[in-house]
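Structure first, commentary second.
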Amino acid sequence: MPSVPIERHALPNGLRIVLSQDDRAPIVAVNLWYDVGSRHEKAGKTGFAHLFEHMMFQGSAHVEKGEHMSLVQGAGGTLNASTWLDRTNYFETLPSHELELALWLEADRMASLLPAMTQEKLDNQREVVKNERRWSVDNQPYGDWDERMQALVFPETHPYHHSTIGSMEDLSAASLDDVRSFFATWYAPNNSVLTIAGDFEPAAALVMVERHFGSIPSNPDLPDAPATTIPPRIGDEVRVEVPDRVPLPRIYLAHRAPIFGTDEFDALEVAADLLGLGRASRLYSSLVRGQRLAQDVSVFLFPIIGGASIFALWTTASPGGDAAKLEGALLAEVDRLATDGPSDEELERVRNLHASQIESSLERVAERADRLSMYACLFDEPERLNTEVARYLAVDAGRVQAAMADALRPDNRVVLTYLPMAHETGDAQGEDAA
Amino acid sequence: MTETAVRPVPGAPRAYHFPQFERHSLENGLTVWLVPLPERALVSVHLVLDGGAAAEDESRAGIASLTAQLLVTGTRRLDATQFAEATERLGLEIGSDSSWDSARASFGALNAQLEPALALLAEMIREPRLDEREFERLKAERLADIMQSRADPGRLADEMLLRALYAEGVPYRRPAAGGPETVAALTIDDARAHHATHYLPGSAHLIIAGAFDPDAALAAAGSMLGTRSGSGPGHRTVEPTAAGGRRVVVVDRPGSVQSELRVAQVGIDRQDPRFFKALVTSTILGGMFWSRLNRRLREELGYTYGARAGFDPRRSAGPFLASAAVQTEVTVAAIRELLRLLDQMREAPPEARELREAKDYLVGIFPLRFETTGGLAGAIEPLAVYGLQDDYWQTYRGHIEAVSTDEVHRTADELIQPDQLVILLSGDATRLHDELVEAAFGPVEVLSPEPAAPPPAASGA
């Protein structure tokens, strides 16, 4: 059972601080979560939170364009950032004697990003992000699956309807004024959590944090999070076929599910592992190894904090196989687990796999820091990191079955099927083609 | 405010040393590497063998990978389902794969599970089931994956680049996991032969990193390959002959909104005395965020989400490769810029700042690379596979620090040869062909690859 040391602090300006000391290796991770994501984007401004994340690396009052990356790498560190539905995170891992460098860089851009913002930099990063979209979505086989899935699970005006990468049109429309107002609204110390994990001295680190972040003003007018309330079920089975330049059909299923942090979400994580984690899982055993209907199968949840999360599966048909048969077999297995429940051996298996995976991920200070920030930001409870495994172990067969019966129903299902385009006609091939 | 206007002065660095390890040679020829790390909660075990793709007969290309994958599908005692259940009940996910220079089976186990985990690994290696039905399934999956990869613009470019770069008959010309021509003809008997020939103790190294009892670990190692002895024939020497000189190859992918660019030539092998110089050189060119390629192509021109460059030193020379995915409209401009940046590396020594940053990066991240037991087990692998000196990691940072501006200049000049460069892209040939011809980067060839024919449908039983 993990037992990561955790200390919580806060500055008067509202910055929440989580400290987790471990001097096993001379490295330290700094991690900053801003409580803003693509769900906060206004209509016509999809993709902005992510584009803004790119702008955060374009310099600040005392830092040149690209210098944040350059300084951290030159200090022997690694770094990145990411944007998602509910949040944006920024993180560095460095040799421990360079802790203050990371804090200085993060504070400088939290305090004073705007003086460094120019139209030229915005235009440049807009092009970079458009290429990111082309690379990960538009030019990829099955590339737009996530964009389509979200749009089918959540209604059009819902904050989770659009994907984080955004549309080309909206990216083109992003302006420097948008950068300024987004920064002023969301990038405030009282909208963020700073975590430091690894080799550092807590008292000295707190002094550094205070020195660099202490004078950054909070935003007293932080808007409320957008309303995300939504009926727990879609109310229908929504079926969409997408002809694509792919050799093999692939089926994506999605269901609305209770949100991250609920007992039902925990039960569905166990269900997802029973179905798809490892070669002894239900779906791998039946669809891939047994009936050889599928090349692969994956089951996972989107850990969304508002409205509803998504329970998702995808599977690629074997050559010569057909999508309808695969779908039927897949749903039959899911129903069977919901009806009969898992055996004790199956539960033991997924529990041990899960425990191993958690231990493995916690070997890295960066991972520890990110999870601490996540639990602090979304739940105001970083200690949940140490109870993750216990919550998983507490899920029994009854809870698995109940959660599956509630969520994994035909009237709460999106079925998104990619079908190989015929070369000559451009029509979809496959059993369901009209 | 002024005290926060300036970059803070770093504290005193805390020393980091690559952990101590021991090497033992067992009676049966197996080499065991023990990396004791008493405070860890996980143990990583890597078994590497001289049974990679370079050990294959070219007519059997792909058998190393299939055999490695086949091992996890059962033992004499346990069928595929039972073996999966037995390992996963211990929280193990055993990986088994192969690359050019080795085959590897590995896992990470919670400390309490190490003993039974090692026993299952030994059973898998010593007496795998090698079931024909499972073999045929894995073969079909490989063939289907080849089809899938040819629909992926990046993977398509990667595959076609190797063909363009290496001459006929050079194994590196085809994917390590084999192309469809050879994979389709492989049989279970080929897998049995590959296992019998190459999975021998004299060709094998067992690496264990974490908190474990050394005597128990050595005892478990002793039974890893049972009563077998001897070494396999090992890997064939690959003669990395280039296919030809400078040219442009367009792999047509109609409608592509991006071109996946690959600019490459035959590089260096793992034993090349210029290894560290090449590493520092490629870091400056395309191995950091503020590298020449990424800074220019991404942060200045906005042509790409990312550009990179590096060497692939295998037992024989793998490619030197620069790559980026660029918007179709700027393809020619991006190639021109990339070639100019390669020329720039050759024409003048790097700036002092660039050299400093590259070396500081490679030296500074040293402890970060070895945070996990898996990372440490992985770090021992090149010592085992390439016969590097035992003090390789102890002296690594010193070798990086020693690289000078003149050496980077000379290395770039020696290893990046404009008349050897293959400039390949997967993208929309119709839109790009004329512009590429006009740009005169080299003679232009257009390929329209047929996707591999789908394998016969699986027979349900």
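Let's see if you can work this out: charge +1 on each Lys and Arg Cβ, -1 on each Asp and Glu Cβ, no other charges. What is the dipole magnitude of chain A about its Cα centre, in debye to the nearest 20?
Numbers: 38 positive and 66 negative charges, 40 e Å.
So the dipole magnitude of chain A works out to roughly 200 debye.
Peptide A:93-104 has a mean shielding of 5, counted as Cβ atoms of other protein chains within 10 Å of each residue's Cβ. The value of relative contact order for the range A:85-195, using C-alpha pairs under 8 Å at least six residues apart, is 29 percent.
Projecting the Cα atoms of A:H40, A:W84, A:L19 onto the charge dipole of the range A:1-118 (Cβ charges, centred on the Cα centre) puts A:H40 farthest toward the positive pole. Between the range A:4-44 and the range B:98-173, the alpha-carbon centres lie 39 Å apart.
Which peptide among B:107-118, B:405-416 comes first, and what is the full order, when sorted by highest mean count of other Cβ atoms within 10 Å?
Values: B:107-118: 20.8, B:405-416: 18.3.
Ranking the peptides B:107-118, B:405-416 by packing returns B:107-118, B:405-416.
Counting neighbouring beta carbons within 10 Å and listing from fewest to most, the residues B:R431, A:R109 come out as B:R431, A:R109. A straight Cα-to-Cα reach below 22 Å connects A:K130 with the lysines A:K42, A:K45, A:K65, A:K121, residues fewer than 8 places away in its own chain not being considered.
Of interest is the spacing of the C-alpha centroids, which for the range A:285-330 and the range B:183-244 amounts to 35 Å. Its relative contact order, with pairs defined as Cα atoms under 8 Å and 6+ residues apart, puts the range A:1-125 at 28 percent.
Report the calculated FRET efficiency for B:R340 and B:D434 (r = Cβ-Cβ distance, R0 = 30 Å), to the nearest 0.05.
On the way: r = 22 Å, r/R0 = 0.72.
Plugging the Cβ-Cβ distance into 1/(1 + (r/R0)^6) gives 0.85.
By how many nm would the segment from B:T227 to B:R23 lengthen if fully extended, with 0.36 nm per residue of separation less the alpha-carbon distance? Provide the component values of the computation, followed by the final result.
Numbers: separation 204, 0.36 × 204 = 73.44 nm, distance 2.11 nm.
Answer, rounded to one decimal: 71.3 nm.
Length available on full extension from B:R76 to B:D131: 0.36 nm per residue minus the Cα-Cα distance, which gives 18.9 nm.
Which shape class, rounded, prolate or oblate, goes with the protein assembly as shown when its Cα gyration tensor gives a ≥ b ≥ c as root eigenvalues, a/c under 1.5 marks rounded, and past that a/b bigger than b/c marks prolate? Rounded is the answer for the protein assembly as shown, as its axis ratio a/c remains below 1.5. The mean number of partner chain beta-carbon atoms within 10 angstrom of a residue's beta-carbon across peptide A:24-37 is 2. Inter-chain Cβ neighbour count for B:295-303, averaged per residue, equals 4 (cutoff 10 Å, partner chain atoms only). Return the FRET efficiency for the residue pair A:E169, A:S82: r is the Cβ-Cβ distance, R0 is 25 Å, and the value is rounded to the nearest 0.05. The computed FRET efficiency comes out at 0.60. Peptides A:213-225, A:87-99 ordered by packing proxy, namely the average of other Cβ atoms within 10 Å per residue, highest first: A:87-99, A:213-225.
Give me the extension gain from B:Q420 to B:D213: residue separation times 0.36 nm, minus the current Cα-Cα distance, reported in nm with one decimal.
Extra length available between B:Q420 and B:D213 comes to 69.2 nm.
Taking other C-beta atoms within 10 Å as the exposure proxy, B:L447, B:L143 rank B:L447, B:L143 from fewest upward.
Determine the shape class of chain B: with a ≥ b ≥ c the square roots of the Cα gyration tensor eigenvalues, call it rounded for a/c under 1.5, and otherwise prolate if a/b is greater than b/c, oblate otherwise. Cα axes put chain B in the oblate bin.
Residues A:I27, A:I234, arranged from fewest to most other Cβ atoms within 10 angstrom of their Cβ, appear as A:I234, A:I27.
The Cα center of the range B:288-352 and the Cα center of the range B:1-74 differ in position by 29 Å. Computed about its Cα centre, the charge dipole of the range A:211-253 is approximately 240 debye, with only Lys, Arg, Asp and Glu carrying charge at their Cβ. Positive-end ranking of A:S285, A:A272, A:G235 along the dipole of the range A:192-304, with charges on Cβ about the Cα centre, is headed by A:S285.
Of all lysines in the structure, the ones whose alpha carbon falls short of 28 Å from that of B:K277, not counting any fewer than 8 places away in one chain, are B:K359. Sorting B:88-96, A:39-47 by their mean Cβ neighbour count within 10 Å, with the most densely packed peptide first, gives B:88-96, A:39-47. Using C-alpha pairs below 8 Å separated by at least 6 residues, the relative contact order for chain A is 22 percent. A Cβ-based charge dipole, computed about the Cα centre of the range B:356-433 with Lys and Arg at +1 and Asp and Glu at -1, lands at about 220 debye.
Just so you know, all these numbers are worked out from the coordinates, no wet-lab data involved. The structure presented is a predicted model; accordingly, all values stated were derived computationally and were not measured. Neighbour counts are summed over all protein chains in view; Cβ atoms, including those assigned to glycine, are modelled from backbone coordinates with ideal geometry.
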